[in-house]
1. Identify all residues within the range 17-51 that are surrounded by 15 or more Cβ atoms within 10 Å (Cβ to Cβ) and assigned to a loop (DSSP other than H, G, I, E, B); write none if there are none.
2. Looking only at the range 48-68, which residues are at pLDDT 65 or above and hydrophobic (A, V, I, L, M, F, W, C)?
3. All but one of (1) assigned to a loop (DSSP other than H, G, I, E, B); (2) at pLDDT below 75; (3) surrounded by 11 or more Cβ atoms within 10 Å (Cβ to Cβ) hold for Pro109; which doesn't?
4. Taking only the range 1-32 into account, find how many residues are within 15 Å of the chain's Cα centre (by Cα), modelled with pLDDT under 90 and of a type in the set (Val, Ile, Thr).
5. I'm trying to understand the selection: among the residues of the range 2-16, which are surrounded by fewer than 16 Cβ atoms within 10 Å (Cβ to Cβ) and more than 16 Å from His85 (Cβ to Cβ)?
6. Just to be sure I understand the filter: pairs with C-beta atoms under 9 Å, separated by 6 or more residues or on different chains, first member in the range 49-77 and closer than 27 Å to Asn26 by Cα, second member loosely packed, with under 10 Cβ neighbours inside 10 Å and at pLDDT 75 or above. Which pairs pass?
Amino acid sequence: MAMVATYGKTPSELKGFTWNEDNSINIPSKKRPVRPLHPQWVFIFQLKEKQPSKKKGWSPLCRSLASAQDRGLIKLSTEGVLLAHKVRKVYYTPLKQRSGDCLQQARKPLATA
C-alpha cells in the first residue's frame, strides 16, 4: 500500500516495476520513469528494502495492513493524507510554476467585507 501511496499508481500498474538510482521506478507500460509523489516516503516506508514487486500478490499485504490498523499499530486519517498532499503540492511545485501562481493571485481583486 505504501507503493500505491508513494507513486500514485494502482497495484496492477506496479506489476513488474524496477528501481532507478534516484528512487524513481520504471513501469513496463510507461515510457518515462515515475517519480515518487512524496520522495521522503521511499525512505520512511523502506520501500527499496522491502521490494514489494517481489511479494506474492497484494491481497496478503492488504490483509496485513487491515490487521495492523485493527490492532492500532497504524493510524491513517483522511485529514493527514490531505495535509500531506497540500504540503507536497506547495513544497515540490517547481519555482517557475509557483511564481506564476503568485502573480495570478496578486492580480485578483481583493474581496471587500
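The values are calculated or read from the model by the stated rules, or taken from the named source; none is laboratory data. The shown structure was predicted, so the numbers you read here are calculated from the model rather than taken from an experiment. Cβ sites come from the backbone with ideal geometry, for glycine too, and all protein chains shown count toward neighbours.
1. Phe17, Asn23, Ser24, Ile27, Pro33, Arg35, Pro36, Leu37, His38, Phe45
2. Passing the criteria: Leu61, Cys62, Leu65, Ala66, Ala68.
3. (3)
4. 3
5. Within the range 2-16, Thr10, Pro11, Ser12, Lys15, Gly16 qualify.
6. Trp58/Ser12
Results for (1) in contact (Cβ under 8 Å) with a residue 12 or more places away in the chain; (2) touching a Pro at 6+ places or on another chain (Cβ under 6 Å); (3) farther than 18 Å from Tyr92 by Cβ, shown as yes or no for each residue.
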site	(1), (2), (3)
Gly8	yes, no, no
Ser12	no, no, yes
Trp19	yes, no, yes
Pro28	yes, no, yes
Phe43	no, no, no
